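Let me begin by presenting the structure, written as structure tokens, before commenting on it.
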Amino acid sequence: MCRHVYRGAAAVLILLVIDYTPLVPFSLLYYVLISLCIAPVIYLTVLMNRESSAFIACVVFLSIVLSHLEVENHYLFAVSRMLETIAGILTAVIVNRTIKSPDRNKENNE
């Protein structure tokens with residue numbers, strides 16, 4: 001779960017750059033910066049031996065960076081999005097551990 005906080009933190013860094021530089025949102029430079037930041041997010045999942053979570057890492061990063069403009073407080077939005085992602089992951093883990101799939105039942109019976 002701590003991994004998702006790191007991914008969200010990467011998005012917050014981009015928001016800081018947008019707020020404190022003359023970078024124009026949705027300009028070519030804006031998209032280049034976001035593209036360059038996706039690679040470290042993916043690489044971080046590889047370093048943590050969580051290659052399968054690279055997809056969700058990119059989704060969290062992009063959802064924060066690309067959908068923040070309509071929100072008055074960008075940082076509150078980023079924290080809120082990270083908490084929503086963590087809550088969704090916890091829910092998925094609890095459901096997956098509680099509800100046994102037919103395939104798991106067969107494995108346990110054999």
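The values are calculated or read from the model by the stated rules, or taken from the named source; none is laboratory data. Given the structure is predicted, the values throughout are model-derived calculations rather than measurements. Positions of Cβ are backbone-derived with ideal geometry, glycine not excepted, and every protein chain shown enters the neighbour counts.
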Hey, could you check segment 37-74 for residues that are of a type in the set (A, V, I, L, M) and outside any helix (DSSP H, G or I) and say which is nearest to residue 26 (Cα to Cα)?
69
When both residues are 6+ apart or on different chains and their Cβ atoms are under 6 Å apart, which pairs have a first residue that lies in segment 75-100 and is in contact (Cβ under 8 Å) with a residue 12 or more places away in the chain and in a helix (DSSP H, G or I), and a second that is exposed (fewer than 11 other Cβ atoms within 10 Å of the Cβ) and not charged (D, E, K, R)?
86/1
So which of 5, 24 is in a loop (DSSP other than H, G, I, E, B) and modelled with pLDDT under 85?
24
Looking at 29, 47, 76, which one is under 16 Å from residue 12 (Cβ atoms) and surrounded by fewer than 17 Cβ atoms within 10 Å (Cβ to Cβ)?
76
